[in-house]
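Okay, structure first, notes after.
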Amino acid sequence: MLRSFTSTRPLAAFRLATGIQTRSIQLSARAFNAQDSSAPATPKAKRAASSAPEGMVLKGINYMKDGKDPIALADDAYPEWLWEINDPEIRKARVADPLDKKHHKEARRQAIKADNFIRDRKT
């Protein structure tokens with residue numbers, strides 16, 4: 001559910017009379033911490049074991065000239081979102097959720113692909 005807000009300034013009547021457009025902001029229900037029952041719930045990620053055990057030196061990751069290679073930490077030391085990056089189930093759930101940024105990004109991408117396909121067929 002989108003809620004829209006318009007700017008209410010003292011010059012609002014002047015803007016309406018002159019045809020100047022006012023800016024409006026649309027915020028999703030997620031911005032208000034509201035729960036939408038129609039939106040699919042994001043599944044909880046299954047935490048996989050890290051490929052690098054705690055204390056292992058991660059060679060080749062350092063990009064600083066005089067820096068040292070980092071040392072792997074315990075799995076609990078990393079944030080939860082890190083384990084969700086490569087999970088295809090969570091990605092599908094985010095793309096299906098109309099309140100999520102990924103949904104709109106994927107929709108724009110598909111629209112561009114369809115438009116390019118039609119353009120290529122005309123020539």
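The values are calculated or read from the model by the stated rules, or taken from the named source; none is laboratory data. Computed from a predicted model, the values in this text were never measured in an experiment. Positions of Cβ are generated from backbone atoms using ideal geometry, with glycine treated the same way; all protein chains shown enter the neighbour counts.
Quick check on segment 52-89: of everything there that is in contact with a strand residue (DSSP E or B) (Cβ under 7 Å, 6 or more places away or on another chain) and of a type outside the set (A, V, I, L, M, F, W, C), which residue is surrounded by the fewest Cβ atoms within 10 Å (Cβ to Cβ)? Across segment 52-89, the extreme among qualifying residues is G55.
If you go through segment 74-123 and pick out every residue that is of a type in the set (A, V, I, L, M), at pLDDT below 90 and under 30 Å from M56 (Cβ atoms), you end up with 3. Considering (1) out of contact with any helix residue (DSSP H, G or I) (no Cβ under 8 Å at 6 or more places or on another chain); (2) surrounded by 12 or more Cβ atoms within 10 Å (Cβ to Cβ), the lone condition that A111 does not fulfil carries the number (2).
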